[in-house]
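This report refers to the structure that appears directly beneath it.
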Amino acid sequence: MFLEALGSAIIGLVLAWTAGYYLPHRLPVRRLVLSTGVAGALFGAFLTHTALGSGNLPAVLIGAAAVSAASVSLLLRPAGRLRRSAAV
């Protein structure tokens, strides 16, 4: 259980750091991005561990990465200005 939590926290941190490195103009403050990635990974590991039980380390880490990526993607801002139609 400890290795699952540690591994998922590291995966979330790496994933969030990578997103912050490649998309700094579309993300908020880096501290928020990193903490969201780690929290999402820990929640994903908890969710996957609860659903599958113990003994499925690769599946737990994949679940942690998926929830972490989904959490960080919720922080993304639009790339450009939003265009509004004059007809609306």
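Computed from the coordinates by the stated procedures, all read-outs in this text should not be read as laboratory data. What you see is a predicted model, and the numbers here were worked out from it, not measured in a lab. Every residue, glycine as well, gets a Cβ built from its backbone with ideal geometry; the counts of neighbours run over all protein chains shown.
A few points about this structure:
- The long axis of helix 2-22 is offset from the longest Cα principal axis of the chain by roughly 20 degrees.
- Since only V38, G7, T50 are under comparison, the one whose Cα sits farthest along the positive direction of the charge dipole of the chain, derived from C-beta charges on Lys, Arg, Asp and Glu, is V38.
- All alpha carbon pair distances within the stretch 2-73 were sorted into 10 Å bins beginning at 0; the resulting P(r) in whole percents reads 26, 50, 19, 5.
- The sum of -39500 (n - 2.57) across all DSSP H runs of n ≥ 4, divided by the residue count of the chain, sets its helix-only mean residue ellipticity at 222 nm to -24000 deg cm²/dmol.
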